[in-house]
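Bear in mind that the values in this text are calculations on the coordinates, not laboratory data. For clarity, every value in this text was computed on a predicted model and none was experimentally measured. Note that we place each Cβ from the backbone using ideal geometry, even for glycine, and neighbour counts take in every protein chain shown.
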Amino acid sequence: MNFRQLRFYRAMEFTIHEINNRTDLLPGITLGYQIHDSCSEVPMAVKAAFQFANGMEPFFNDTDSCSKSVAAAVPAVVGDSPSTPSISITRMLGLFGIPQVSHYATCACLSDKRQYPAFFRTIPSDHHQAAALAKLVKHFGWTWIGAVRSDTDYGNYGIASFLKAAQEEGICVEYSESYYRTQPRSKLERVANVIRRSTARVIVAFLHSGDMRFLLEELARQPLPPLQWIGSEAWITDPGILRFNMCAGAIGFGIPRSVIPGLREFLLDLSPAQALKSPLLTEFWESSFSCSLKGSSEGARECNGSEDIRALQNPYTDTSQLRVTNLVYKATYAIAHAIHGVICNDTQCDKSAKFTPWQILDQLKRVNFTTKNGFQVLFDSSGDPVAVYELINWQVNKDGSLDFVTVGHYDSSRPKGQEFSISKVPRSVCSESCPPGTRKAVQKGKPVCCYDCIPCAEGEISNKTDSLNCVHCPPEFWPNAQRDSCLPKPVEFLSWDDTLSIILTVFSITGAFIAVSVAAVFYKHRTSPIVRANNSELSFLLLFSLTLCFLCSLTFIGRPSEWSCVLRYTAFGITFVLCISCVLGKTIVVLMAFRATLPGSNVMKWFGPPQQRLSVLAFTLIQVLICLIWLTISPPLPFKHLNQYKDRIILECKLGSAIGFWAVLGYIGFLALLCFILAFLARKLPDNFNEAKFITFSMLIFCAVWISFIPAYVSSPGKFTVAVEIFAILASSFGLSICIFVPKCFIILFRPEQNTKKHLMGKMPSMSL
């Protein structure tokens, strides 16, 4: 005998007695009841359903006409406990419109009002429980589990709903086995062996309490590794299973615990005489005290009246965990309120009122009340209550026994992510979680919960645990070392505090200082023959332009901006043209001077100081015009190179129009080449100090530097591109300064005896430098 189910039946008796003693509910009306034991079997349930629909007589009256309308014997039914018998009963009673309110049938299929229009229940549908179980498993990170179920509508529908919800939550199920207690023992042994051999350490058990007991007894035959059991409401609060220590730590959803005042006294107010009035109570008494009532059982001692029911410790007398019992209490009250709504008004009830089960059915859809112990009762359009569960954990007491402990609650109406309030429990995964910076890669031939953790590829991150994919960082960002966040890429340019910049700046300032120093020497000795003989005006202009050339290299250092990009290229182009124009003017002066010494030559008057100034101005204005066109069409602008290097950004000045840049550079090259040719032609002219030779060397160095600049510029990476530009500017400027002015300064400062007109005119022996 299932003493817990007997408590349910007695709870309905208690509730009806309580209703009959009330004056505010069905006043003056006495409710009666008839209780049948379906033994959790469909044939017995169907037999009871026929008796409910046709009357209590256990026979068929064949004298009644088939056309005669036979009123149903009962207006409503409480029960059954299991889902499968409840389905059979409601299919039968639904034809007559007899409403059925179950306290324990949880199959989600019963929510289908097209098939079961007369079915209600006070326990939540397994649709909610399955979803809650899946969220519970996901909440703890258990992604690798096993599943067992009763081979009934309860187990099959329940586990099907759970598997669907688990798949949506990303949970993998290693196996799903079924068993029913009437199946051959070989089936039970096979299920137990599957559990023993599996690698999953978390098992979801959607089983009737009886099937669970059979399974645990079989598993107890051999040692098992520690398992974490996840239980459905059918067994998670069954005290009869607490004796199995292997279930220590089990967790699952149970009906909220309640207190029903007066129920315990009613259950214990049972005497042998009262027990004899009911076959069920007789069996209970004899089973509990191992005696027979008035010799009703052969071979057993006769009950003598000394039996104390209060001393019993079994599920019948245990009222500390009233959960499903409260659902019986609510179901019975729901029917009473429905009957009250049909035959009663605000003050009194019509005892002679005729009503049909259809009216009770219609009223059940509208009931909304609160029981004496504080629980609200109402049904939704599917005949289901609001899904609220307690989270039950089987914890070990100090004496080693197990007990039910409420460790939290589940309420489907709460915001997502706040459904649970629970304690720490064991882990069960096929593969450990992948940390941030990695992604999950499914192992070939295994379920998706078995995976490897692959580091994110270059330039990708994952910033959460168990990421399925890595994501690319934005263009201006790059992953950190752990590849779990994107950091801004460092911006690279030739900054002022860079060692290379400091060296180039020193050389630039040194070059400018040298040019200024030479100008000072020339100015001091401006009346000396060597200064006057080499066109002092063009020499001073050349020294000025060289100073600008040295200083313009500084515009290439620092963070590129719109003004600095424009300044660096225009200053470079114009100052170098000014410089080369001066050198070209000096070269032409040398050639013209030699022509002027020829008899009858009058050429110098065509290239005097005014023409020299105009030539320099004309050559320079052409470059200015080229720069203006370049700046108008497509000027240089700051530009971030995002793809040149993966881990950093190169900030540089984009040329804008490449044609403009190469036009500026080409014009400088053209003047330099022209100057080199003219100086080369004049290198052997008779003179003790032939300046054309030094111009030739300077132009040779200048051209060599800028020819080698082109491949170096194209192939230099990042900030070194700018460094190559500065180096070319400084090298060519130093070449011009050294080749053209150092020999003259050497004579002025260290060989003043050669700084005479006679020496320059070739009237004194020349001295080798």
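Looking at the stretch 494-564, which trypsin sites (Lys or Arg not before Pro) are in a loop (DSSP not H, G, I, E or B) and have at most 13 other Cβ atoms within 10 Å?
The qualifying sites are 526.
What does the chain give for Rg and for Dmax, in Å, if only its C-alpha atoms count?
52.3, 167
Between the stretch 82-160 and the stretch 13-36, what's the alpha-carbon centroid distance in Å?
After rounding, the separation between the Cα centres reads 29 Å.
Would you mind calculating the gained length between residue 366 and residue 418 on full extension (0.36 nm times residue separation, minus the Cα-Cα distance), in nm to one decimal?
This chain segment gains 15.7 nm when fully extended.
Tell me the angle of helix 658-681 to the major Cα principal axis of the chain, expressed in degrees between 0 and 90 and rounded to the nearest ten.
That works out to roughly 20 degrees.
Work out the length of the dipole vector of the stretch 438-488 about its Cα centre, built from +1 on the beta-carbon of each Lys and Arg and -1 on the beta-carbon of each Asp and Glu, and round it to the nearest 20 debye. Please list the in-between numbers first.
Numbers: 6 positive and 6 negative charges, 63 e Å.
Value, rounded to 20: 300 debye.
Using the basic label-point model (7 angstrom from Cα toward the beta carbon), what is the residue 259 to residue 51 distance in nanometres?
Roughly 3.8 nm, to one decimal.
Between residue 318 and residue 194, what is the label-to-label distance in nm when each label sits 7 Å out along the Cα-to-Cβ direction?
Using points 7 Å along Cα→Cβ, the separation is 2.9 nm.
Give me the extension gain from residue 457 to residue 670: residue separation times 0.36 nm, minus the current Cα-Cα distance, reported in nm with one decimal.
71.6 nm
May I ask you to derive the FRET efficiency for residue 642 and residue 614 from their Cβ-Cβ distance with R0 = 51 Å, giving the value to the nearest 0.05?
0.55
By how many nm would the segment from residue 302 to residue 115 lengthen if fully extended, with 0.36 nm per residue of separation less the alpha-carbon distance?
Once the chain is fully extended between residue 302 and residue 115, it gains 62.3 nm.
Using θ = phi - 60° and the Karplus form 6.51 cos²θ - 1.76 cosθ + 1.60, what ³J(HN,Hα) does each residue of the stretch 214-225 get, whole Hz, x for Gly and Pro?
4, 5, 5, 4, 5, 5, 6, 5, 10, x, 10, x
Arrange the following residues from fewest to most other Cβ atoms within 10 Å of their Cβ: 111, 382, 320.
320, 382, 111
From the alpha carbon gyration tensor of the stretch 621-673, can you work out the equivalent ellipsoid semi-axes (sqrt of 5 times each eigenvalue) and give them in Å, largest to smallest?
28, 13, 7
With just the Cα atoms defining each centre, how far is the stretch 347-402 from the stretch 452-486? Give it in Å.
52
Calculate the FRET efficiency for residue 274 and residue 347 from the Cβ-Cβ distance with a Förster distance of 45 Å, rounded to the nearest 0.05.
On the way: r = 36 Å, r/R0 = 0.80.
Once the sixth-power term is evaluated, E becomes 0.80.
Against the 2.2 N^0.38 Å scaling, with N counting residues, where does the stretch 438-488 land? I'd like the Cα-based Rg ratio to two decimal places.
1.24
Using a Förster radius of 41 Å, what is the FRET efficiency between residue 354 and residue 287 based on their Cβ-Cβ separation? Nearest 0.05, please.
0.40
With θ taken as phi - 60° and the coefficients 6.51, -1.76 and 1.60, list the Karplus ³J(HN,Hα) couplings across the stretch 250-262 in order, rounded to whole Hz; mark glycine and proline as x.
Result, rounded to whole Hz: 4, 9, x, 9, x, 5, x, 6, 8, 10, 10, x, x.
Running Debye on the stretch 336-435 with equal point scatterers at the Cα sites and no solvent, what base-10 log of I(q)/I(0) appears at q = 0.16, 0.18 Å⁻¹?
The Cα Debye sum returns log10 ratios of -0.90, -1.01.
So for 466, 403, 126, fewest C-beta neighbours within 10 Å to most, what's the order?
Placing the least packed residue first, the sequence is 403, 466, 126.
More than 27 angstrom separation, counting every C-alpha pair in the stretch 134-267; what % is that? Could you put the intermediate results ahead of the total?
Details: 1705 of 8911 pairs.
Tail fraction, whole percent: 19.
Quick check: from the Cα gyration tensor, does the stretch 141-216 come out rounded (a/c under 1.5), prolate or oblate? The partial results should precede the final answer.
Values: a/c = 2.41, a/b = 1.40, b/c = 1.72.
Since a/c reaches 1.5 but b/c is at least a/b, the shape of the stretch 141-216 is classed as oblate.
Tell me the relative contact order for the chain as a rounded percent, counting alpha carbon contacts under 8 Å between residues six or more apart.
For the chain, the relative contact order is 10 percent.
Output the peptides 172-179, 18-25 sorted from most to least packed, where packing is the average of other Cβ atoms within 10 Å over each peptide's residues.
By packing density, highest mean first, the sequence is 172-179, 18-25.
Between helix 562-596 and the chain, what is the angle of the helix's C-alpha long axis to the longest principal axis, kept within 0 to 90° and rounded to the nearest 10?
20
Using helices alone, I'd like the mean residue ellipticity at 222 nm for the chain: each DSSP H run of four-plus residues gives -39500 (n - 2.57), total over residue count, nearest 500.
Mean residue ellipticity at 222 nm (helix-derived): -15000 deg cm²/dmol.
For a protection proxy built on the mean count of beta-carbon atoms within 10 angstrom, sort 487-499, 250-262 highest first, please.
Ranked from most to least packed, the peptides come out as 250-262, 487-499.
Taking the beta-carbon count within 10 Å as an exposure proxy, list 154, 645 from fewest neighbours to most.
Neighbour counts put them in this order, fewest first: 645, 154.
Could you let me know the centre-to-centre spacing of the stretch 216-248 and the stretch 628-670, using Cα atoms, in angstrom?
For the stretch 216-248 versus the stretch 628-670, the Cα centre distance is 77 Å.
Hey, what angle do you get for helix 185-197 against the long axis of the chain, alpha-carbon based, 0 to 90 degrees rounded to 10?
With rounding to tens, the tilt is 30 degrees.
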